[in-house]
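Please read the structure below before turning to the comments.
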Amino acid sequence: MATLGVNIDHVATLRQARLGKEPDTLFAAAIAEQNGADQITIHLREDRRHMQLWDLKMLKKTVQTKLNLEMAAVDEIVNIACSIKPDTVTLVPEKREELTTEGGLNLKIENIEKYIKQLKDNNIEVSVFIEPNLEMIKLAKELGADAVEIHTGKYANLTDKKEIENEILRIKKAAKLIKTGGMRLAAGHGLNYHNILPILELNLIEEYNIGHSIISRAVFFGMAEAVSKMKSMINGIF
Ligand code: PXP
C-alpha cells in the first residue's frame, strides 16, 4: 500500500490572494487527514508566496499524521526547519520567477551535504526531489539522503506516446535503484487522476505527494454545496 501526502499550498495561495484568514490551511490539513491523507506537505518558499512561517508553526502543532516541508537548500530555510522540526524535509530547487518547482534538485550544489547533515542531526528525515536520473540517485545515497522523491513533472507534461513510455521506463529504473540503495521512495509533481494510473501500475512507489489536481477537484466537488448554501441564506433559509 502506498501512502498519500496531500500538498495544501494552493489553499494558502487562495488565502494570500486576499491576505485574509480564509481558506484556513489548518482546516484543509485536518479534512485531508480525516479522509486518508498519510502526510501533509507544504512548501515554505523563500518569497512566501503561499505558505507563511505561521502556517508551518501551526501545522507542526496540529497535523496528526506527518508534516513534510518542501524547501530550498538555503541557510534561512534550513535554520527555520531545524527550529520547527517537521517530520520530513524535502529539498527542492527554487527559483523566484517560476510558477511551480521546475525540474529536480541538482545535488552538486554548494553546501548540500552540510544541510542534509544539519537536518538529520535535528532528527528530521531528509528527502531530495530529483529527476529520475541514476547518477543523481547514487549521489543522493552518498550524501546520506533518507528518501528520494522522483520528480514526475516531465512525465506529466509529455504528450507523445513513445516519449511517455520512455519516461515511465526511466522512472521505473530510478525507482528500483532508489530501493536497492535502501532509501524511501516517493514521487510527485503534476500527477493527476489520469496520469497517475501507469505510475501506480509500476507498483514501486511508496509515497505520492500530490497537490494541484486534488485541490482542483476539491473546487468542483465543493462548488455545488457552496453555491446552494449561499442561495438558501439569501432567501432566509439557514
Ligand atoms: N512534490 C514536490 C517536491 C513538489 O515541489 C510539489 C509541488 O509543490 C509536489 C510534489 C506537488 O505537485 P502538484 O501540486 O503538481 O501535485
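The values are calculated or read from the model by the stated rules, or taken from the named source; none is laboratory data. Keep in mind that this is a model prediction, so the values were computed, not measured. No Cβ is skipped: glycine too gets one built from the backbone with ideal geometry, and neighbour counts run over all protein chains shown. Remember, those area values only see protein heavy atoms, side chains included, never the ligands or the DNA or RNA. Shrake-Rupley method; radii C 1.70, N 1.55, O 1.52, S 1.80 Å.
Along the chain, the exposed loop sites are GluC sites (Glu not before Pro) outside DSSP states H, G, I, E and B with at most 10 other Cβ atoms within 10 Å, and the longest stretch free of them is 111-238.
Pairs over the 20 Å Cα-Cα cut-off, from the set LYS57/LYS117; LYS57/LYS141; LYS114/LYS138; LYS117/LYS154; LYS85/LYS114: LYS57/LYS117; LYS57/LYS141; LYS117/LYS154. Taking a span of 24 Å or more along the helix axis (Cα atoms) and a mean Kyte-Doolittle hydropathy of at least 1.0 as the rule, no DSSP H helix of the chain qualifies.
Tell me the relative contact order for the chain as a rounded percent, counting alpha carbon contacts under 8 Å between residues six or more apart.
17
Within the range 85-121, the trypsin sites (Lys or Arg not before Pro) that combine a DSSP coil assignment with at most 16 other C-beta atoms in a 10 angstrom radius are LYS95, ARG96, LYS108. Mean separation of Cα pairs under 8 Å and 6 or more residues apart, divided by the residue count, gives the range 182-238 a relative contact order of 35 percent.
Per-residue extension of 0.36 nm, minus the Cα-Cα distance of GLU135 and LEU26, leaves a gain of 35.4 nm for this segment. The overall shape of the chain is oblate: from the C-alpha gyration tensor, with semi-axes ordered a ≥ b ≥ c, the ratio a/c is 1.5 or greater and a/b is no larger than b/c. With the simple model of a label 7 Å out from the Cα in the direction of the Cβ, ASN122 to GLU76 spans 1.5 nm. Placing +1 on each Lys and Arg Cβ and -1 on each Asp and Glu Cβ, with no other charges, gives the chain a dipole about its Cα centre of roughly 320 debye.
Leaving out ligands and nucleic acids, note down the accessible area per residue over the range 1-154 with a 1.4 angstrom probe, in whole Å².
49
Ranked from largest to smallest solvent-accessible area, with a 1.4 Å probe on the protein heavy atoms, PHE221, PHE238 come out as PHE238, PHE221. Considering Cα pairs under 8 angstrom that are at least six residues apart, work out the relative contact order of the range 8-49 and quote it in whole percent. Once normalised by length, the contact order is 42 percent.
Starting from the Kirkwood Rh over alpha-carbon pairs, what translational D in µm² s⁻¹ does the range 1-139 have by Stokes-Einstein at 4 °C and 1.567 mPa s?
Answer from the Stokes-Einstein relation: 83 µm²/s.
Overall, the accessible surface of the range 31-163 at a probe of 1.4 angstrom is composed of carbon and sulfur to the extent of 48 percent. Seen from LEU105, the other residues with C-beta closer than 12 Å to its C-beta sum to a net charge of -3, counting Lys and Arg as +1 and Asp and Glu as -1. A simple spin-label model places pseudo-atoms 7 Å from Cα toward Cβ; at GLU206 and GLU110 they are separated by 3.4 nm.
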